[in-house]
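Working notes for the structure below.
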Amino acid sequence: MLDLTRAEIEAAVDLDRAFAALEDGFRAAAAGRVQMPPVGYLGFPAHNGDCHIKFGHIADDPIFVVKIATGFYENPAKGLPTTSGMMIALSAETGAVVAILRDEGWLTDLRTGLAGAIATRAGMRRDARMIGVVGAGTQARFQIRAAAHLLREREPRFAAWARSPERLEALRRDLAKGGIAVEPVDDLEALCAQSDALITTTPAAGPVIRDEWIGPGVHITALGADAPGKQELETALVARADIRIADSLEQSLDHGEFAPAAAGGLIGRSDCVELGAVLAGQAPARRSDRDITIADLTGLAVQDIAIARVVLDGITR
């Protein structure tokens, strides 16, 4: 049995292999080849925190994965990381533990960043270059780094907004160290106006992006609504979108960004497509350059299986 530290895990990950593995995983999920029971969820409202337990198995894969991930959003003020967690890989043939991945939440952050970049590339216009990021926390950093890597041939530009100017400046400095320039924007409506694509990364409990701020042709990848009670986009905006892409229809319509519009009878299952179907060429991500497209990513166990496989393959290569 392997018992891997975060440092060993980070050293084993190849980004290009990871992107390919996640895309394969999304396609497998859309094709019905993945067992993914409902997500386990624990809320800790007194501490602005939550815990997600996800587990699943891809047909014919020699391993299955159980993942525990936490997010406690007041932690930065305490000098602690926002996220933590671990993954356990087990044999799908014997049930024996194959590896414990003590990633401290890093793999969840990484696979979420990679998925955001995949969905953004799928939904944005071919001529799109300016990507606006809402938020300045850990996931904002992962999203920008992932998009910069996956979209490098397009030479994307980045701008960001956050409620805290200090955190926004820290984001700018951190990414500049890695050669990624981010323009800080102090007005969220202005960020929406100048962006070809938006990536929202907040744990907001109410809409932060208004319907009237989004014009034709804009793509939005929404990541924050991964549990009941979270919402980043105004319901009218979700209802107005021309294309709605979900990582999982069940999750998005139940507790994701599409849930309020679905609960209000404004959209239904037939009004959305799954990201895996888009990646497989079975559904369009957009029909014209004027379409407003929204991707809602609630997080799937198949992403954890895929990223764990990348680590294990990297360790044994």
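Structure notes:
- Radius of gyration (Cα atoms) of the chain, expressed as a multiple of 2.2 N^0.38 Å: 0.94.
- Computed FRET value (nearest 0.05) for Asp174 with Asp271, which takes r as the C-beta separation and R₀ as 25 Å: 0.05
- Placing dummy labels 7 Å off each Cα toward the beta-carbon, the span from Asp3 to Asp211 is 5.6 nm.
- Rounded Å value of the spacing that divides the Cα centres of region 65-103 and region 163-182: 27 Å
- Antiparallel %, DSSP beta bridges [both residues in region 1-114], to 5: 90 percent
- Sequence-distant residues sharing a close amide H with Arg129 (under 5 Å, placed H): Asp196
- Tilt relative to the chain, helix 106-123 - C-alpha long axis, 0 to 90 degrees, to 10: 50 degrees
- Of the beta bridges in the chain, as assigned by DSSP with both residues counted there, near 50 percent are antiparallel.
- Where N is the number of residues in region 141-292, Cα Rg divided by 2.2 N^0.38 Å: 1.06
- Applied to region 218-234, the Karplus parametrisation 6.51 cos²θ - 1.76 cosθ + 1.60 on θ = phi - 60° returns per-residue 3J(HN,Hα) values of 7, 10, 10, 10, 9, 10, x, 7, 10, 7, x, x, 9, 7, 10, 10, 4 Hz, with x for Gly and Pro.
- In this calculation the C-beta distance from Val97 to Leu42 is compared with R0 = 22 Å, giving a FRET efficiency of 0.45.
- Dividing the mean sequence gap of close Cα pairs (under 8 Å, 6+ apart) by how many residues the chain holds gives a relative contact order of 20 percent.
- Karplus 3J(HN,Hα) series, Hz, for region 78-87 with 6.51 cos²θ - 1.76 cosθ + 1.60 (x for Gly, Pro): 9, x, 10, x, 5, 10, 7, x, 7, 10
- Amide H partners (placed H, <5 Å) of Val218, local residues excluded: Thr293
- Helical runs assigned H by DSSP (4 residues or longer) give the chain a calculated mean residue ellipticity at 222 nm of -10500 deg cm²/dmol, each run adding -39500 (n - 2.57) before division by the residue total.
- Relative contact order of region 117-300, pairs being alpha-carbon contacts under 8 Å that are 6 or more residues apart, as %: 23 percent
- Long-range HN-HN contacts of Gly105 with modeled amide H, under 5 Å: Gly85, Met86
- Each 5 Å bin from zero holds the following percent of Cα-Cα pairs in region 38-99: 4, 17, 20, 17, 14, 11, 8, 6, 2.
- Along region 129-134 the Karplus relation, 6.51 cos²θ - 1.76 cosθ + 1.60 evaluated at θ = phi - 60°, assigns HN-Hα couplings of 10, 8, 10, x, 10, 9 Hz to successive residues, with x for each Gly and Pro.
Each reported figure results from applying straightforward, stated rules to the coordinates on display, with no laboratory input. Keep in mind that this is a model prediction, so the values were computed, not measured. Positions of Cβ are backbone-derived with ideal geometry, glycine not excepted, and every protein chain shown enters the neighbour counts.
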